[in-house]
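Student: Supplied in structure tokens, the structure appears directly below.
The values are calculated or read from the model by the stated rules, or taken from the named source; none is laboratory data. Just so it is clear, the model here is predicted, and its values are computed rather than measured. Note that we place each Cβ from the backbone using ideal geometry, even for glycine, and neighbour counts take in every protein chain shown. We work out accessible area using only protein heavy atoms, side chains counted, and drop any ligands, DNA or RNA first. Shrake-Rupley method; radii C 1.70, N 1.55, O 1.52, S 1.80 Å.
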Amino acid sequence: MSHFSRETAERARALVALYPERRSALIPMCHLAQEQDGWLTEEAMEDIAELCGVTPAEVRGTATFYDMLHTEPVGEYVISVCTNIACLLGGADELLEHAEERLGVRAGGSTTDGLFTLEEAECLADCDFPPCVQVNSRFVRRQSAEDFDRLLDELASGALADEVPKHGTLIRVRRDGGLRAGRSEVAEERRAMSAAQAERAAAGKDAS
Amino acid sequence: MALTDAPRIVTSRMGRDDSHTLGRYLEAGGYDGLHKALSMTPEAVAAEVDEASLLGRGGAGFPAGRKWSMLRKAPVTYLVINGDESEPATFKDHLLIERDPHQLVEGVLIAAYALQVTQAFIYIRGEFALGLERVTQAVNDAYAHGAIGSDIFGSGFSVDVVVHPGAGAYICGEETALIESLEGKRGFPRIKPPFFPAVIGLYGEPTVVNNVETMSNLPWIINNGGAAFAGLGLGRSTGTRLFALSGHVRNPGVFELEMAKTTFRDLIYAPTLGGGITGGNTLKAFIPGGVSAPWFGPDQVDLALGQDEVAEAGSMLGSGSIVAMDSSTCMVRAAWRITKFFSRESCGQCTPCREGSGWLERVLYRIEHGGGREEDLDLLLDVSDNISPGLAWPPQQTTICVLGPSIPSSINSAISMFRDEFLVHIKEGACPYG
Amino acid sequence: MSSAATDETVHFVLDGQPATARKGEMLIAAAERAGTFIPRFCYHPRMKSVGVCRMCLVEVSGPRGATLQPSCFVAVGEGMEVDTRSEKVKKAQDGVLEFLLVNHPLDCPVCDKGGECPLQDQTFAYGPGESRFIEEKRHFEKPIAISELVLLDRERCIQCSRCTRFAEDVAGEAQIDFAGRGELVEVATFPGEPFSSYFSGNTVQICPVGALTATPYRFTARPWDLDQVESTCTTCSFGCRVAVQSSANRLTRLLGIDSDPVNHGWLCDKGRFVFESTNGDEVATGPAPAIAVATAADEVDVVPATASQAVSLGPTRGQFAGEARSDHSVVSNRLTEPLVRKGGELVPTSWGEALGVVAEHLGASKSEHGAGSIGVLGGARLTNEGAYAWAKLAKGILGTDSVDAQLGDGLPAELVFGLPRATIDEACDATTVVLLAGDVREELPVLFLRLRDSVTNGHTKLLEISPVRTSLSAYAAVSLRVRPGDSPAVAASVVREGAPSLFAHPEGPTFSAEDLAAARALLAAPEGGRPGDGVVVVLGRPSLAEGAQVTAAAAAALAEALPGARFLPALRRGNVFGALEMGLAPGLLPGRVSLDAGREWFAAAWGGAPEAAGLDADGILSALAGEGEAPGSVTSLVLLGADPLTDFPDADLAVRALGAADFVVAVAGHPSPSTAHADVVLPAAVAHERVGTTTNIEGRVSRLGQKLVPPGQAWSDWMIAAELAQSLGADLGFGGVADLESEIAALAPSWAGFTPAVLDHLGAHDGLVVPLGADRGTGRAPIPTDPIAIPGVESVEHQGAALWVGLIEPLAGEGRPDLAGAQEKPAVGAGVAWRAETPRVPAPDSYSLRLVATRRLYDRGSAVASSPSLVALVPDAVARANPYDLDRIGATSGDRVRIRSARGAIELAVDADVHVARGVLAVDFNVGAGDGPANVAASLIEAGAAVNDVRLESLA
Ligand SMILES: Cc1cc2nc3c(=O)[nH]c(=O)nc-3n(C[C@H](O)[C@H](O)[C@H](O)COP(=O)(O)O)c2cc1C
Ligand code: SF4
Ligand code: FES
């Protein structure tokens, strides 16, 4: 491991400890890498491969399956405009068109200043406030063209820095405490409990 | 808001800004259900859920109690909560996750105890950044409160709960794809049989997968008894259920309604619910249960919001999301957009789904943009038939999972209900709605 | 694997007819055996089913009526009713085909797969006439190179995942994987990390369309021009069955055939692509390879090989072939006419003259210095028949026993034949496999696949005893690192209680007491069984810098304590087992009998036999160089396809020996430093140009198919032997290979009854293990093979050697039993006794590191050197040592160091490697770096020494 900072590496190892099998930490670790770099760099994928016990090709192969994991650089703010059915009915196409014009990029593109990436999203599950927009996975609701322009200004000026962290920062709450159960421990506990259960069942039968 | 006098089961705390905090939750009797469950035997807890006849709220509507009891013959190793909620126009789990994470966590703990599972995972779609933070916080707080971890509440029962973020792929809502994803892989659904999670699930071990809303019902059920839950609703559709209403209604949102006692008309038009169609237009069609479901026309609005009632009418209540489309809606465009969704979200394993969705999407796009040919309608239906033979409901399939046969639903509905509209597109070489 | 099926039978109804399946068998396979072929793309019988292409949908009865199910993913159930031809099935299958063509380019006319493409074929057979798809297809950049050998055309990919599953599940190295989602799913490598697997060619072979193509084959031929024979690969000794294809007397492609007891359809890339060397294509060489000429006293003295030979050994290879030489010269790499040295240069001549010169010199050598003055090295590249002919010539006519098919890189023949032999299947069914060999993936690549499979999908556990980490270490239950010289002590301690003395080594033990205990547990006798029951030892040479006697002593310790254990000898040279079987080893005669036990029998048949046991390769070269036990006793040298200057572990000795020889004749197919030094060069036919048989590591004899006519005046080895005998005034008595086969069957005890008729009559495509009846098999049920991977190989249906188990009786009395007159035929193994003496291993001193030299698949041997597609893959040599030892000399990874041994000194880059034990230095064998020696390890090794110690000095 060479690319992860000490803090990232430490958090990555803590993730591995949460799962019975280390590969399970792959996706959370990709998020972590994006938190460090803003996107998923090749170097980060190599680190992840090592930590998860898979090949870099498998990390990349897995990551590219998921829309939120970017193996190409993206802007500091990834703006996702949902155009799926509920938002379509609520004017999403028009908003996306406006956004494209305003940012000067097509959906999928990034502004040259590296600030914004525009994405056409599938349903983001916020259909009661169409058209639905997210910035870095934070919901901003019921966006008119004017709202959208204001949003860009606020993002650019840093006025929303508290609500919308830089791209990649997904979960700002760290898990604390808890069991770190290995696969064999899980199986062990499981066996003990089913034995107890069987005993109860037997006892129940005796009683009746 | 409710039209019947049924209690609010999962949305009782929603009104308040701090509904997601442990303090507020405890104030409202939070974790009482867990305390009570822990004082019972696991078997008794499961029996209570069985008696409630709680149908799974993830889409398939399989009774949770039955799923568990089937499983409890063989020990279950893992409990996995499906919070991937990505079915278009479905946004009820979003509400539960963000607004009442402790209710979810308590439900998970009750289920874990009933199943005697020591390791649970809550899989939440990656786009719910706030939800992920709130549930993570809730889990942390629950640890601190002694509700998770070793020997919870001194009961001798230990359980770990891990909050796992997805990363943006609809198919990971399908339970076997979700398991693959949780194993750190692409979300490729597994073939059932043999990969029923109950038999060969996470890490090859028996696993229960349940939806967020399903779990969120458990504290109430344990506190009030399965019978009280079963007393609500009608027939197989017991209790209350969250309905997510969107589209051309004045007042879109999530509503908790007693099952089968209200109708689509109530939901769409009642002033306290949908409040009617926007802009003085009329209802043209509606999708009754997520975009995988065949559509209904205005003549079907009086159907009851019950699982069997909707199924008998040839569709499904599915994920409980209703999309109303008014008279200004271009049905070709609607069908195209939904098909585009499936094309983008097909995992890509099965030939018919991967290639068929893209093909259908291209044809619909061509029609919508004026390049349609008359033979395209038969082509659309025949290609659909090759994905879902017979184009009937419930669907047959040539694919691994039911995403494939979900593709034809909207196409088949749109063509059979609005064939003329397609023909106008074709004849005029343009979309009449502009 | 998914097709694991037991012998239990289930009954089902297939298209209205009763049929049976083995319990657990997939419907698609059961139907195929019943004669109903269900179309498929993703299903491969040797890999886990995934059921994704959906081509194999059939209707299967169930609780809710008949439903469409993928027949590759449904195990046949008792009473199941299956319809493979209903309207619904046909529509679904037609639909899948049409879907597959939606995004598939219509470039069949320029596609390598055109003409043998299941997609194309099935479209013709079942598909709709005209495409209903009028939209724009998905576009990707046309073929991209994903490795030196493999190109990927993503537009043609049908996402069946055969290649990715192979890489992950079979080869265990997922360097390719799917990327993207849905319609955009593509096969991809990681940037900067090519698909460098040794097994990448298999993905090309099993790709059902033309998405993966091999650079060596691309555009060279169309399937319908191809002509093919079935044969056996002789690149290593594993014996993979292959289909050899050619077009216009040029080899174009090799495909693996699914041989159930051997290769399961797989090949390594070396075996698959090394056919280029047969074609004799011109290879653009890099800077000329160099060998180091250095002695203990010298400073490093690196001289380009060609120059050094010009100085000390004679003309260079460029000179005899008459080509211009430059630093990047182009050389034709086949020998096509006899060459004789005249005026210091090798010049083309006639066979008559060349053989006359050889006969004259060898005859003179024999009469002046005795038969023992002729040394014969090599033979592992010959066919069994060629080896026999040469054994008869050398031992019967010339009368020398100083004959050795191994070049100091093998094990004593007595050991190979004296230990109870295991088959490959037995190794893969063993409860414990002990690895006491080099890196199997480098030396016997497909054995690596088989063992890996038996560990990951079977019940086998591996116990590795190795000086360095190998490709199998990751799969080993226990991996004991040993320092050179220590394996006998370690072997003794895993079979006996008590800590080994090595724990007292100044650098500390190389493994823990827990590992030792775990190793012992793996070798514990099964309940009610003998110690060693269920144990197979894979026995090779863990290091060429460690004397064979060390490994032999370790094997002896195991054999003694584990009477139930069997041994699979892991020697890697092509037909080394055939050569040994045919007597190309000192002290042995054909058919696994000792010289003493077989002398009378063979002398009667041949008209002569050696009087006394001769020297092995080390002894021959030492004698030539005027050293060893019999200095000067050997003066002439016959090289049978051997290149000791490149290949012998002690380069210094080889250089001196060849320099001192009075006369050297080389029989060879390709030029090499050694042929460049010969006095006479006789051009020989090589792989795919000969008929006959070959013998693999388990003793399985299988047929070689001749696909090409040898180029120019090259002859088969047996013909050269026969003609040379004529020139010597003798008659070997062979008019053709058939004569040889009958004579071997009649004379060689282990081949009793093994007449050509047996091999042909039984249609034993997988070959047979000799002695006949020795094929104990494992009773595995043969599985249907993959028609997509081996288009046009007709015999696949007949495969599955397990079918023959028990059928084979030695057909006594056939052949020419009267050959040996009144003599009594010795028994198999007569007189073959081996004794392992405890090697004398000097105590390590604390300034030295103990040298380990291991083989690489791609090396500077002549096979790779003359295959244009493979030369680029030969790695540069590096030295690897524990960071602790590097620290001590102040070096780190990437630094250059000077390595000094008793033989000389070289400079090399070092890598810090925690998997190398302290006190050990590992260097790859037969690879070089830059302008340094072509075989750096060989320039450090002293032949015959039990261990080689080196000193390290940092140059940083
Ligand atoms: C394509 C597809 C997408 C799905 N998406 C979801 C989802 O987002 N959330 C969910 O809970 N269930 C989803 N399901 C259903 C799950 O597979 C599974 O039935 C459910 O999680 C079981 O929980 P329940 O029994 O509590 O309903 C989906 C199913 C399919 C086929
Ligand atoms: S039907 Fe579609 S989404 Fe489901 S497994 Fe097949 S390709 Fe994937
Ligand atoms: S799905 Fe059975 S062969 Fe591909």
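Student: Under 7 Å between Cβ atoms, which residue pairs at least 6 apart in sequence (or on different chains) link something in segment B:234-249 that is more than 15 Å from B:G61 (Cβ to Cβ) and within 14 Å of chain A (Cβ to nearest Cβ) with a partner that is part of a loop (DSSP other than H, G, I, E, B) and open to solvent by 10 Å² or more (accessible area, probe 1.4 Å)?
Tutor: B:L245/B:P252; B:S246/A:D128; B:S246/B:P252; B:H248/B:N281; B:V249/B:G275
This table checks each residue for (1) open to solvent by 10 Å² or more (accessible area, probe 1.4 Å); (2) touching a Ser or Thr at 6+ places or on another chain (Cβ under 9 Å); (3) in contact (Cβ under 8 Å) with a residue 24 or more places away in the chain.
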{"site": "C:L444", "(1), (2), (3)": "no, yes, yes"}
{"site": "C:F448", "(1), (2), (3)": "no, yes, yes"}
{"site": "C:L451", "(1), (2), (3)": "no, yes, yes"}
{"site": "C:V455", "(1), (2), (3)": "yes, no, no"}
{"site": "C:L462", "(1), (2), (3)": "no, yes, yes"}
{"site": "C:A477", "(1), (2), (3)": "yes, yes, yes"}
{"site": "C:R481", "(1), (2), (3)": "yes, yes, yes"}
{"site": "C:P488", "(1), (2), (3)": "yes, yes, yes"}
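Student: Let me ask something additional. Tell me the residue from B:G65, B:G61 that is within 30 Å of B:Y170 (Cα to Cα), within 22 Å of the chain's Cα centre (by Cα), away from chain A (no Cβ under 14 Å) and outside any loop (DSSP other than H, G, I, E, B), please.
Tutor: B:G65
Student: Mind checking whether some residue in segment C:170-185 is within 12 Å of chain B (Cβ to nearest Cβ) and more than 30 Å from B:R366 (Cβ to Cβ)? Quick ask: steps written out before the conclusion?
Tutor: Here is the first cut: in segment C:170-185, the ones within 12 Å of chain B (Cβ to nearest Cβ) are C:174, C:177-185.
Remaining after also requiring more than 30 Å from B:R366 (Cβ to Cβ): C:174, C:177.
Among the residues of segment C:170-185, at least one is within 12 Å of chain B (Cβ to nearest Cβ) and more than 30 Å from B:R366 (Cβ to Cβ), which makes the answer yes.
Student: Same structure, new question: Would you pick out the residues in segment A:49-69 that are over 20 Å from C:A167 (Cα atoms) and either in contact (Cβ under 8 Å) with a residue 60 or more places away in the chain or among the hydrophobic types (A, V, I, L, M, F, W, C) (or both)?
Tutor: A:L51, A:M68, A:L69
Student: Something else now. Can you pull out the residues in segment B:166-195 that are more than 14 Å from ligand 1 (Cβ to nearest atom) and more than 8 Å from every other protein chain (Cβ to nearest Cβ)?
Tutor: B:P193, B:P194
Student: Which residues, taken from segment A:76-112, are in contact (Cβ under 8 Å) with a residue 12 or more places away in the chain and away from chain B (no Cβ under 14 Å)?
Tutor: Scanning segment A:76-112 gives A:E76, A:L95, A:H98, A:A99, A:E100, A:R102, A:L103, A:V105, A:R106, A:S110, A:T111.
Student: Could you tell me whether C:P18 is assigned to a loop (DSSP other than H, G, I, E, B), away from ligand 3 (no atom under 16 Å from the Cβ) and at negative phi?
Tutor: No; evaluated as a whole, the condition is false for this residue.
Student: Looking only at helices (runs of 4 or more DSSP H) that lie completely in segment B:79-165, which have at least 2 residues being facing chain A (nearest Cβ under 9 Å) and more than 16 Å from ligand 2 (Cβ to nearest atom)?
Tutor: Values: elements: B:92-99, B:101-115, B:129-145.
Answer list for segment B:79-165: B:92-99, B:129-145.
Student: Which of the numbered conditions does C:V665 fail, given that it passes all the others? Conditions: (1) closer than 18 Å to C:S277 by Cα; (2) out of contact with any Lys or Arg (no Cβ under 8 Å at 6 or more places or on another chain).
Tutor: The failed condition is (1).
Student: Grab the helices (runs of 4 or more DSSP H) fully contained in segment C:837-949, keeping just those with 3 or more residues being closer than 30 Å to C:P216 by Cα and among the small types (G, A, S).
Tutor: C:862-865
Student: Let me ask something else. Scan segment C:11-19 and tell me whether some residue there is within 16 Å of ligand 2 (Cβ to nearest atom), open to solvent by 10 Å² or more (accessible area, probe 1.4 Å), modelled with pLDDT of 95 or more and touching an Asp or Glu at 6+ places or on another chain (Cβ under 7 Å).
Tutor: So far as segment C:11-19 goes, no, none of its residues is within 16 Å of ligand 2 (Cβ to nearest atom), open to solvent by 10 Å² or more (accessible area, probe 1.4 Å), modelled with pLDDT of 95 or more and touching an Asp or Glu at 6+ places or on another chain (Cβ under 7 Å).
Student: Select from segment C:367-391 the residues that are over 24 Å from C:F734 (Cα atoms) and touching a helix residue (DSSP H, G or I) at 6+ places or on another chain (Cβ under 8 Å) and list them in ascending order.
Tutor: The one that is over 24 Å from C:F734 (Cα atoms) and touching a helix residue (DSSP H, G or I) at 6+ places or on another chain (Cβ under 8 Å): C:S373.
Here's the yes/no breakdown for (1) open to solvent by 10 Å² or more (accessible area, probe 1.4 Å); (2) modelled with pLDDT under 95; (3) assigned by TED's automatic domain parsing to the domain that holds B:I124:
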| residue | (1), (2), (3) |
| --- | --- |
| B:P194 | yes, yes, yes |
| B:A198 | yes, yes, yes |
| B:Y203 | yes, no, yes |
| B:N211 | yes, no, yes |
| B:M215 | no, no, yes |
| B:L218 | no, no, yes |
| B:N224 | yes, no, yes |
| B:L245 | no, no, no |
| B:V249 | no, no, no |
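Student: So, in segment B:143-157, how many residues would count as being under 23 Å from A:R174 (Cα atoms) and at pLDDT 90 or above?
Tutor: Final tally of qualifying residues: 8.
Student: State which residue pairs qualify: first residue assigned by TED's automatic domain parsing to the domain that holds B:C353 and hydrophobic (A, V, I, L, M, F, W, C) and inside segment B:289-313, second residue at pLDDT 95 or above and open to solvent by less than 10 Å² (accessible area, probe 1.4 Å) in any location, beta carbons under 7 Å apart, and separation of 6 or more residues or different chains.
Tutor: Between residues of segment B:289-313 that are assigned by TED's automatic domain parsing to the domain that holds B:C353 and hydrophobic (A, V, I, L, M, F, W, C) and residues that are at pLDDT 95 or above and open to solvent by less than 10 Å² (accessible area, probe 1.4 Å), there is no close pair.
Student: Within segment B:326-338, is even one residue within 16 Å of ligand 1 (Cβ to nearest atom) and either surrounded by 24 or more Cβ atoms within 10 Å (Cβ to Cβ) or not hydroxyl-bearing (S, T, Y) (or both)? Step through it out loud before you land on a result.
Tutor: Step one: list which residues in segment B:326-338 are within 16 Å of ligand 1 (Cβ to nearest atom), which gives B:338.
Next, from what is left, pick out any that are either surrounded by 24 or more Cβ atoms within 10 Å (Cβ to Cβ) or not hydroxyl-bearing (S, T, Y) (or both): B:338.
Yes, segment B:326-338 has at least one match.
Student: Quick one: in segment C:71-101, of everything that is at the interface with chain B (Cβ under 8 Å from one of its Cβ atoms) and in contact (Cβ under 8 Å) with a residue 40 or more places away in the chain, which residue is farthest from B:L360 (Cα to Cα)?
Tutor: Looking at the filtered set, the residue picked out is C:F73.
Student: Regarding C:F190, is this residue touching a Ser or Thr at 6+ places or on another chain (Cβ under 8 Å) and either among the hydroxyl-bearing types (S, T, Y) or facing chain A (nearest Cβ under 9 Å) (or both)?
Tutor: Yes: the conditions hold for C:F190.
Student: Restricting to segment B:386-406, name every residue that is within 8 Å of another protein chain (Cβ to nearest Cβ) and more than 23 Å from B:E87 (Cβ to Cβ).
Tutor: Within segment B:386-406, B:N386, B:P389 qualify.
Student: Among the numbered conditions (1) in contact (Cβ under 8 Å) with a residue 60 or more places away in the chain; (2) within 11 Å of ligand 2 (Cβ to nearest atom); (3) of a type outside the set (S, T, N, Q), tell me where B:E180 comes up short.
Tutor: Unmet for B:E180, out of (1) in contact (Cβ under 8 Å) with a residue 60 or more places away in the chain; (2) within 11 Å of ligand 2 (Cβ to nearest atom); (3) of a type outside the set (S, T, N, Q): (1).
Student: When you look at C:A519, is it open to solvent by less than 30 Å² (accessible area, probe 1.4 Å), in a helix (DSSP H, G or I) and in contact with a strand residue (DSSP E or B) (Cβ under 6 Å, 6 or more places away or on another chain), yes or no?
Tutor: Numbers: open to solvent by less than 30 Å² (accessible area, probe 1.4 Å): yes; in a helix (DSSP H, G or I): yes; in contact with a strand residue (DSSP E or B) (Cβ under 6 Å, 6 or more places away or on another chain): yes.
For C:A519, the condition - open to solvent by less than 30 Å² (accessible area, probe 1.4 Å), in a helix (DSSP H, G or I) and in contact with a strand residue (DSSP E or B) (Cβ under 6 Å, 6 or more places away or on another chain) - is met.
Student: Something else now. Pull up segment A:26-72, narrow it to residues that are open to solvent by 10 Å² or more (accessible area, probe 1.4 Å), more than 15 Å from the chain's Cα centre (by Cα) and among the aliphatic types (A, V, I, L, M), then point me to the one that is nearest to B:I179 (Cα to Cα).
Tutor: Among them, the one singled out is A:V54.
Student: Something else now. Of the residues C:G372, C:G352, which single one is free of Cβ contacts under 8 Å to residues at least 12 places away in the same chain, open to solvent by 30 Å² or more (accessible area, probe 1.4 Å) and not in a loop (DSSP other than H, G, I, E, B)?
Tutor: Only one candidate qualifies: C:G352.
Student: Given the criterion away from ligand 1 (no atom under 16 Å from the Cβ), farther than 13 Å from B:I407 by Cα, over 27 Å from the mean Cα position of the chain (by Cα) and free of Cβ contacts under 8 Å to residues at least 24 places away in the same chain, identify the matching residue among B:E368, B:E375.
Tutor: Working: B:E368 fails: free of Cβ contacts under 8 Å to residues at least 24 places away in the same chain.
Being away from ligand 1 (no atom under 16 Å from the Cβ), farther than 13 Å from B:I407 by Cα, over 27 Å from the mean Cα position of the chain (by Cα) and free of Cβ contacts under 8 Å to residues at least 24 places away in the same chain holds for just one of B:E368, B:E375, which is B:E375.
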